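Asker: Take a look at the following structure, please.
The values are calculated or read from the model by the stated rules, or taken from the named source; none is laboratory data. Everything numeric here is computed off the predicted structure, so don't read it as measured data. Quick reminder, even Gly has a Cβ in these numbers, built from the backbone with ideal geometry, and neighbours come from all protein chains shown. Surface accessibility is based on the protein's heavy atoms, side chains included, excluding ligands, DNA and RNA. Shrake-Rupley method; radii C 1.70, N 1.55, O 1.52, S 1.80 Å.
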Amino acid sequence: MSVNIAVLGAQWGDEGKGKIVDMLTPHFSAVARYQGGHNAGHTVYVKGTKFVLHLIPSGILHPGVTCIIGNGVVVDPQALFKEVDELARMGVNVDGRLLISEKAHVILPYHRELDVLSEARRGERKIGTTSRGIGPAYEDKIGRRGIRMCDLLGDRDALAQAVRENVHARNQIIKESTLDWKPLFDQLVTYGERLRPWVGDASLFLARLRDDDRNVMYEGAQATLLDIDHGTYPFVTSSNASIGGVCTGLGVPPSAIDGVLGVAKAYTTRVGEGPLPTELSGDLAERLREGGQEYGASTGRPRRCGWYDAVVVRYSARINGLDAIALTKLDVLDGLPEVRICTGYRTSKGVLTEFPADLRPLGTAEPVYETLPGWTGATRGATRFAALPSEAQRYIKRLEEVSGVPCAIISTGSDRGETIVRDDTIIQSWFSKQLA
Ligand code: GDP
Ligand code: IMO
Ligand code: MG
């Protein structure tokens, strides 16, 4: 029997998905990304060496594990080659274990330009995108004019026509633009040749793994509150980062999802614009930012920091059907005199306890907090729950109660080994199912 688990972000991204995926990978034959693009930055430390993955799933550091980039991902070939070359330089070879869906859409150079122009046009109301061309690439996909991996490898005349039409349409949108289609076409043909050995039918490959009783992990990028449908629209990314994206972004049926693990930080961060109800300023924000090294893995931007928001995680639990949480960066709270958990938002119309669709009330809302004592001992590097200071244990228990999901994994540092996997949680049953 194969066990297929989704690991996805329960807040606004950068929860530590990369670390959790890497640390769980020994249980799986393959790790598959289902959405997003190189807007993601997943950091993994292996014995002090830092790897930052953008497009390639975070399982790649384990030899023998196949890494899949699904049809729901948008791929910038240049960014992919850069990542592959960087991994090779660090001793990680992807050949023979990277599979890119032939249906994945391609990010073209002008998508990046359109991303920047669109942000400039929004002015004060900008999203704060990563300027990687993600949104415009998904726009072309939904507009049914996108160019897919299989188009780069197929009939040249058909590709030439598609590029010509796309460039023409773009030149009409950007009035001063006189982009020539031919150099772009030539570039795409060259890219296609390098991509060819990696491109194939990812959905079929995944089905065969299931038939062979092999386990697969589905790796999310971004997070539920950045999801195009369920996030803080319009301050979101352009894909379904939440659980629905697994089926559409990989071509797997819902029956091939056996469990959902949400990754959440022991506090909250966000990079880019949009509401962050528990956002802190001043010394405390600085303390979390420095303690957690909260700077974007892709863009280097400082992340906004705030207390743990249980309204957000409870919402994520509902949208994704979370079976468990992997709680990360607990160690960053070490030494704080008190810690807080947000349980609602006080607005002029009363206290909101469900995350609203209309973001306006959040602008003036005051978070409702429960305050708990902090801990003086260190959680850093702990590998057993019982070894945590009692106040830290109490914080986690309360956080589970108000979020409505058990914390099955607790991360206490950035390295693989700095992790608590709790007994008697669903995690154990997922993997013992297979051993049985
Ligand atoms: P992702 O996008 O969800 O994979 O997360 P990022 O890699 O963008 O950001 C998470 C950051 O926190 C990375 O620098 C990780 O190395 C680091 N990290 C992950 N887990 C822990 C933890 O438990 N403690 C500490 N101190 N750092 C962690
Ligand atoms: P990982 O996978 C955090 C944010 C951007 C911006 C919004 C839209 O590392 O958690 P986009 O370029 O996607 O159109 O930007 O989404 N964003 C992320 N924030 N972590 C990420 O990825 C993100 N990917 C995009 O900052 O607010
Ligand atoms: Mg990240």
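Asker: Is it fair to say D283 is away from ligand 3 (no atom under 16 Å from the Cβ), within 24 Å of P373 (Cβ to Cβ), of a type in the set (D, E) and open to solvent by less than 30 Å² (accessible area, probe 1.4 Å)?
Answerer: No: the conditions fail for D283.
Asker: Please state which of the following conditions L226 fails to meet, knowing it meets all the rest: (1) open to solvent by 10 Å² or more (accessible area, probe 1.4 Å); (2) in contact (Cβ under 8 Å) with a residue 60 or more places away in the chain; (3) more than 17 Å from the chain's Cα centre (by Cα).
Answerer: If we test L226 against (1) open to solvent by 10 Å² or more (accessible area, probe 1.4 Å); (2) in contact (Cβ under 8 Å) with a residue 60 or more places away in the chain; (3) more than 17 Å from the chain's Cα centre (by Cα), just (3) comes out false.
Asker: Here is a follow-up. Name the single residue that is nearest to the chain's Cα centre (by Cα) among those in region 29-47 being crowded, with 24+ Cβ neighbours inside 10 Å and farther than 16 Å from V246 by Cα.
Answerer: A40
Asker: Right, here's the next one. Hey, any hits in region 191-212 for a residue that's within 16 Å of ligand 1 (Cβ to nearest atom), open to solvent by less than 30 Å² (accessible area, probe 1.4 Å) and either in contact (Cβ under 8 Å) with a residue 12 or more places away in the chain or not assigned by TED's automatic domain parsing to the domain that holds V74 (or both)? Walk me through how you get there before you give the answer.
Answerer: Within region 191-212, the subset within 16 Å of ligand 1 (Cβ to nearest atom) is none.
No, region 191-212 contains no residue that is within 16 Å of ligand 1 (Cβ to nearest atom), open to solvent by less than 30 Å² (accessible area, probe 1.4 Å) and either in contact (Cβ under 8 Å) with a residue 12 or more places away in the chain or not assigned by TED's automatic domain parsing to the domain that holds V74 (or both).
Asker: More than 22 Å from K17 (Cα to Cα) and modelled with pLDDT of 95 or more: which single residue out of L362, L372 fits that description? Please lay out each step first, then the result.
Answerer: Values: L362 fails: modelled with pLDDT of 95 or more.
After ruling out the rest, the residue left standing is L372.
Asker: Looking at R144, R121 in this structure, which one is over 29 Å from G200 (Cα atoms), surrounded by fewer than 16 Cβ atoms within 10 Å (Cβ to Cβ) and free of Cβ contacts under 8 Å to residues at least 40 places away in the same chain? Spell out the reasoning first.
Answerer: On the way: R144 fails: over 29 Å from G200 (Cα atoms).
Residue meeting the stated conditions: R121.
Asker: Pairs under 8 Å by beta carbon, first residue farther than 18 Å from G135 by Cβ in region 231-249, partner away from ligand 1 (no atom under 16 Å from the Cβ) and open to solvent by 20 Å² or more (accessible area, probe 1.4 Å), six or more apart or different chains?
Answerer: I243/I257; I243/I319; I243/G321; G244/D229; V246/I257; C247/P253; C247/P254; C247/I257
Asker: Evaluate region 318-336: report whether one residue or more is more than 14 Å from ligand 3 (Cβ to nearest atom), in a helix (DSSP H, G or I) and open to solvent by 30 Å² or more (accessible area, probe 1.4 Å).
Answerer: Scanning region 318-336, I find at least one residue that is more than 14 Å from ligand 3 (Cβ to nearest atom), in a helix (DSSP H, G or I) and open to solvent by 30 Å² or more (accessible area, probe 1.4 Å), so the answer is yes.
Asker: Could I ask something else about it? So, T268, is that one of a type outside the set (G, A, S), at pLDDT below 95 and under 27 Å from A6 (Cα atoms) or not?
Answerer: no
Asker: Evaluate the following for L87: is it touching an Asp or Glu at 6+ places or on another chain (Cβ under 9 Å) and open to solvent by less than 40 Å² (accessible area, probe 1.4 Å)?
Answerer: No: the conditions fail for L87.
Asker: Out of region 48-64, which residues are touching a Lys or Arg at 6+ places or on another chain (Cβ under 8 Å) and either among the hydroxyl-bearing types (S, T, Y) or open to solvent by 10 Å² or more (accessible area, probe 1.4 Å) (or both)?
Answerer: S58, G64
Asker: Just name the residue that is nearest to L188 (Cα to Cα) out of those in region 131-175 that are basic (K, R) and in a helix (DSSP H, G or I).
Answerer: Checking each candidate, the answer is R156.
Asker: Quick check, is D22 of a type in the set (D, E), buried (at least 24 other Cβ atoms within 10 Å of the Cβ) and either under 12 Å from the mean Cα position of the chain (by Cα) or outside the structural domain of L152 (by TED's automatic domain parsing) (or both)?
Answerer: yes
Asker: When region 406-429 is examined, which residues are found to be open to solvent by less than 50 Å² (accessible area, probe 1.4 Å), aliphatic (A, V, I, L, M) and more than 11 Å from ligand 1 (Cβ to nearest atom)?
Answerer: A408, I427
Asker: So, one more: Here are some residues: L184, L179. Which one is more than 30 Å from G13 (Cβ to Cβ), away from ligand 1 (no atom under 16 Å from the Cβ), outside any helix (DSSP H, G or I) and touching a residue at least 60 places away in the same chain (Cβ under 8 Å)?
Answerer: L179
Asker: For I396, are the conditions met, namely being assigned by TED's automatic domain parsing to the domain that holds T232, touching a residue at least 40 places away in the same chain (Cβ under 8 Å) and open to solvent by 20 Å² or more (accessible area, probe 1.4 Å)?
Answerer: So I396 fails the test.
Asker: Considering only region 13-102, give the strands (runs of 3 or more DSSP E) lying wholly within it that have at least 2 residues that are without any contact (Cβ under 8 Å) to a residue 40 or more places away in the chain and within 16 Å of ligand 3 (Cβ to nearest atom).
Answerer: Values: elements: 30-33, 42-46, 49-53, 66-69, 98-101.
In region 13-102, 49-53 are the strands (runs of 3 or more DSSP E) which contain 2 or more residues that are without any contact (Cβ under 8 Å) to a residue 40 or more places away in the chain and within 16 Å of ligand 3 (Cβ to nearest atom).
Asker: Quick check on this structure: which one of T232, T237 is farther than 21 Å from F28 by Cα, within 16 Å of ligand 3 (Cβ to nearest atom) and part of a loop (DSSP other than H, G, I, E, B)? Steps first, answer last, please.
Answerer: Details: T232 fails: within 16 Å of ligand 3 (Cβ to nearest atom).
Only one candidate passes the filter, namely T237.
Asker: Give just the number: which of (1) surrounded by fewer than 17 Cβ atoms within 10 Å (Cβ to Cβ); (2) outside any loop (DSSP other than H, G, I, E, B) does L288 not satisfy?
Answerer: Going through (1) surrounded by fewer than 17 Cβ atoms within 10 Å (Cβ to Cβ); (2) outside any loop (DSSP other than H, G, I, E, B) one by one, L288 breaks only (1).
Asker: Identify all residues within region 215-236 that are touching a helix residue (DSSP H, G or I) at 6+ places or on another chain (Cβ under 6 Å) and either closer than 18 Å to E119 by Cβ or modelled with pLDDT under 95 (or both); write none if there are none.
Answerer: Scanning region 215-236 gives G231, T232, V236.
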